[in-house]
Amino acid sequence: MSCKKVERFAPSPTGPLHLGHAFSALTAARHADRFLLRMEDIDTARCRPEWEAAILDDLRWLGLTWQQPVLRQSERLHLYRDAVGRLTEAGLTYRCTCTRADIKAALSAPQEGAPMHGPDGLIYPGTCRNAEHVATDAAIRLNMAAAIAAIGDVSRIGFTELDFEPGRHALDAEALLRNVGDIVLARRDIGTSYHIAVVIDDAAQGVTHVTRGRDLFAATPLHRLLQVLLDLPEPLYRHHRLIRDENGKRLAKRDDARALATLRAEGWSREDVLHAIGFQAG
Ligand code: GLU
Ligand code: ZN
């Protein structure tokens with residue numbers, strides 16, 4: 001058995017890198033014996049080759065090197081489709097034709113109570129769960145209750161967190177139903193989802209340590225559940241702090257957040273970037 005740490009940085013080439021991305025990439029690379037890069041470019045309507053080129057350029061400028069080849073999710077859609085197909089064969093999915101407006105309307109029904117938010121926004125109210133849609137242009141959702149029943153005692157599953165709330169976090173059936181619910185595994189437009197692609201690719205790349213922002217901590221129980229259902233290995237997790245501006249607002253969410261490329265053009269050095277994100281060199 002090898003105890004080499006395999007880490008990855010997995011940007012979506014939908015825009016420029018910001019200081020928060022720099023922190024994520026540098027944190028992963030610092031801990032890694034083998035550092036990998038993955039382009040999360042499943043959303044073909046939003047991803048652009050120019051952004052990918054700009055991301056590679058910024059990462060090189062930060063002094064990072066990574067093992068080739070760079071994995072591109074857009075070349076692996078068939079693998080994600082197969083994985084969703086296996087879950088469907090196991091009876092753990094259903095087709096859903098709801099629009100966002102349908103979901104909002106269903107959730108505003110009096111008996112529903114306060115709508116809950118999960119990793120992808122509003123928790124799906126389950127409208128299509130027993131609808132037997134034949135439509136081919138439907139989304140495919142995980143039937144969370146069926147998935148939990150298939151596993152049995154989900155509290156035997158958990159993940160080990162190394163940074164944010166360090167320790168072992170056991171899965172909890174109630175929390176999965178309430179905070180994740182019947183999540184979309186295959187979007188209607190692209191036939192896959194972040195959640196399916198990330199678990200398939202972390203396994204395919206042999207990632208031992210998943211380093212990413214705390215904003216994704218809430219998605220990790222779902223990722224562990226999918227890993228168990230798809231018979232994939234369990235990585236360790238490191239959800240790092242988010243880089244905020246002087247007013248405490250998350251940089252990634254700020255429309256005017258200056259891109260690394262802009263800072264570079266303004267004359268920032270690599271050391272200036274490290275200082276701005278509180279990253280101790282070495
Ligand atoms: N592609 C995701 C992002 O840009 C990263 C997902 C992950 O690291 O698991 O935020
Ligand atoms: Zn539906």
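The values are calculated or read from the model by the stated rules, or taken from the named source; none is laboratory data. Because the structure is predicted, anything quoted here is derived from the model rather than measured. FYI the Cβ positions are ideal-geometry reconstructions off the backbone, even for glycines, and counts take in every protein chain you see.
Any residue at all in region 70-90 that's of a type in the set (Ser, Thr, Tyr) and within 16 Å of ligand 2 (Cβ to nearest atom)? So far as region 70-90 goes, yes, one or more of its residues are of a type in the set (Ser, Thr, Tyr) and within 16 Å of ligand 2 (Cβ to nearest atom). Among the residues of region 89-104, those that are surrounded by fewer than 20 Cβ atoms within 10 Å (Cβ to Cβ) and hydroxyl-bearing (Ser, Thr, Tyr) comprise Thr97, Thr99. Residues of region 95-126 that are more than 16 Å from ligand 1 (Cβ to nearest atom), within 21 Å of Glu174 (Cβ to Cβ) and of a type outside the set (Gly, Ala, Ser): Leu107, Gln111, Glu112, Pro115, Met116, His117, Leu122, Ile123, Tyr124, Pro125. Each residue in region 33-70 was checked for being closer than 23 Å to Ile140 by Cβ, among the hydrophobic types (A, V, I, L, M, F, W, C) and within 13 Å of ligand 1 (Cβ to nearest atom), and 2 of them qualify. In region 129-157, the residues that are under 14 Å from Thr88 (Cβ atoms) reach residues that are of a type in the set (D, E, K, R) and within 16 Å of ligand 1 (Cβ to nearest atom) with C-beta atoms within less than 6 angstrom, at least six apart or across chains, in these pairs: Ala139/Arg187. Within region 152-163, not a single residue is closer than 29 Å to Met39 by Cβ, polar (S, T, N, Q) and surrounded by 17 or more Cβ atoms within 10 Å (Cβ to Cβ). The condition of being within 17 Å of the chain's Cα centre (by Cα) and not in a loop (DSSP other than H, G, I, E, B) holds for only one of Asp182, Asp272, Asp202, that being Asp202. Scanning region 127-164 for residues that are within 16 Å of ligand 1 (Cβ to nearest atom) and either touching a Pro at 6+ places or on another chain (Cβ under 6 Å) or assigned to a loop (DSSP other than H, G, I, E, B) (or both) returns Leu162, Asp163, Phe164. Out of region 218-255, which residues are at pLDDT 95 or above and within 11 Å of ligand 1 (Cβ to nearest atom)? Passing the criteria: Ala219, Thr220, His223, Pro235, Tyr237, Arg238, His239, His240. Of all residue pairs spaced 6 or more apart or on separate chains, those with beta-carbon atoms under 8 Å, a first member in region 204-228 that is on the phi < 0 side of the Ramachandran plot and in contact (Cβ under 8 Å) with a residue 12 or more places away in the chain and a second member that is within 16 Å of ligand 2 (Cβ to nearest atom) and in a loop (DSSP other than H, G, I, E, B) are Leu222/Ile183.
The single condition among (1) assigned to a strand (DSSP E or B); (2) under 30 Å from Phe23 (Cα atoms) that Thr65 does not meet is (1).
Restricting attention to region 96-133, the residues that are hydrophobic (A, V, I, L, M, F, W, C), under 24 Å from the mean Cα position of the chain (by Cα) and modelled with pLDDT under 85 add up to 0. Residues of region 27-47 that are over 19 Å from the mean Cα position of the chain (by Cα) and either within 16 Å of ligand 2 (Cβ to nearest atom) or not in a helix (DSSP H, G or I) (or both): Ala32, Asp33, Arg34.
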